[in-house]
1. Once phi is turned into θ = phi - 60°, what whole-Hz ³J(HN,Hα) does the Karplus curve with 6.51, -1.76 and 1.60 give for every residue of the stretch 20-34, x standing for Gly and Pro?
2. Looking at the chain only, what percent of DSSP beta bridges run antiparallel? Nearest 5 please.
3. From the Cα gyration tensor of the stretch 279-325, with a ≥ b ≥ c the square roots of its eigenvalues, which class applies: rounded if a/c is under 1.5, or else prolate if a/b is larger than b/c, or else oblate?
4. Quick one: putting +1 on the C-beta of Lys and Arg, -1 on the C-beta of Asp and Glu, what dipole do you get for the chain around its Cα centre, in Debye to the nearest 20?
5. My understanding is that a pair violates if its Cα-Cα distance is over 21 Å; which of Lys205/Lys248; Lys46/Lys123; Lys248/Lys332; Lys44/Lys248; Lys248/Lys322; Lys46/Lys332 do that in this structure?
6. Normalised by the number of residues in the stretch 162-228, what is the relative contact order in percent for Cα pairs under 8 Å and 6+ residues apart?
7. Within the stretch 73-113, what residues put their amide N at less than 16 Å from the label point 7 Å along the Cα-to-Cβ vector of Arg31?
8. Between Ala49 and residues 5 or more places away or on another chain, which pairs have amide H atoms under 5 Å apart, with H built 1.01 Å from N, and which residues are they?
Amino acid sequence: MKIAFLHMTLGLVRRGSEVVTEEIATALAARHDVLVLQSGPVGKTKYHAKRVHPLRSAPPPAPRSVLEKCLFRLGLDARTREVAAFTRAALPAIQAFAPDIIVAINGARQVSLLKGLQGVTLKARIVVFGHAGIGYDDAGNLHARPDLFVALTDEAYKWARSHANQRTKVIFIPNPISVPRRATPAPLMLPHPVILTVSALSSYKNVTNVIRALAPTGKSYILVGDGEESGAVSDAFSGFTGDFRWIKSVPPEEMSGYYHAADIFCFTPDSQEAFGRVYLEAMAAGLPIVASDDSIRRSIIGTRGVYVDPHDGESIMSGVKKALVLGKVEYKKELQPYKLTTVVSQIEKEFHDLAHA
């Protein structure tokens, strides 16, 4: 098969969807012809990659004000306009490649543009992965009528089935993870116990809530991540009484060392968080996990997780205390469905069936 991925922010930021796209594209490239089109610089890859419509930085991932939300609903916000420009710039490369499958990562506007050319200059079938999660963004993706929608959790699958057009096939395949070998802990020289959060700094990730909950406890804390909420995070750290490290960017090959330097993983986003690959990374390192109490987090972590109210500091702190008692956790059974080989095999079958339907 010939498979094309359109991911505008690849090479600009390294969040969940960027990492997953790289992993899936790399695995599929072992057996198929894979092209990834992006706006960021292209590094060394095992698939074909091309930078189209170059950008210097990624647009904000979500509207931040009432005005931005209104513009977003009308399709007039800066990000949607950039996605449209990126998609149009990618069309010559797509048409020259003549793919069987196009994976559209960047939302409903991108899907609509591609669907408008389907059967005219494009013969490819259009696939969307539900990275945005239950809510307005993925509802828009579904209303754009892709040929295949891949929900990342069982809860999202049930929701997507109720919103999808009858011509869109909806399936459930989770995000994958490559479980690394045990890494040497990063040399941060922090007193134990150490709590770790790995997250893009968007408001719905609730990182400032975690910082404020931990601030008076004197416990050590590591935050890995950057984003539009960096100012609020900096303010929250001003009252932190323990030792902490805020590291805005870590090379992928070094990330496992930070998990192994920690005693607890704490990430408490709102329920709109579609998945949370970082939970899998924490599970691979055997960390007890403090997570938001919602159906998606429970479906990923299972009965081993410590679940809290993401907007209640006392609840978060109580969860951290419970996690400290747990110590290291063995998640071998829980991680089994997320193995890269298992997930990619499922994706490959669905793509083959779609291309030959």
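1. Residue by residue, the stretch 20-34 yields 5, 4, 4, 5, 5, 4, 5, 5, 5, 5, 5, 10, 9, 8, 10 Hz.
2. Among the beta bridges of the chain, antiparallel pairing accounts for roughly 0 percent.
3. oblate
4. On the way: 42 positive and 34 negative charges, 170 e Å.
It comes to approximately 820 debye.
5. From Lys205/Lys248; Lys46/Lys123; Lys248/Lys332; Lys44/Lys248; Lys248/Lys322; Lys46/Lys332, over 21 Å: Lys46/Lys123; Lys248/Lys332; Lys44/Lys248; Lys248/Lys322; Lys46/Lys332.
6. 36 percent
7. Answer for the stretch 73-113: 101.
8. When sequence neighbours closer than 5 places are left aside, the close amide H contacts are Val36.
Only the coordinates and a few stated rules stand behind these numbers; no lab work does. Note that the structure is predicted; figures quoted are calculated from it, not measured. Counting neighbours? That spans all protein chains shown, and the Cβs are built from the backbone with ideal geometry, glycine included.
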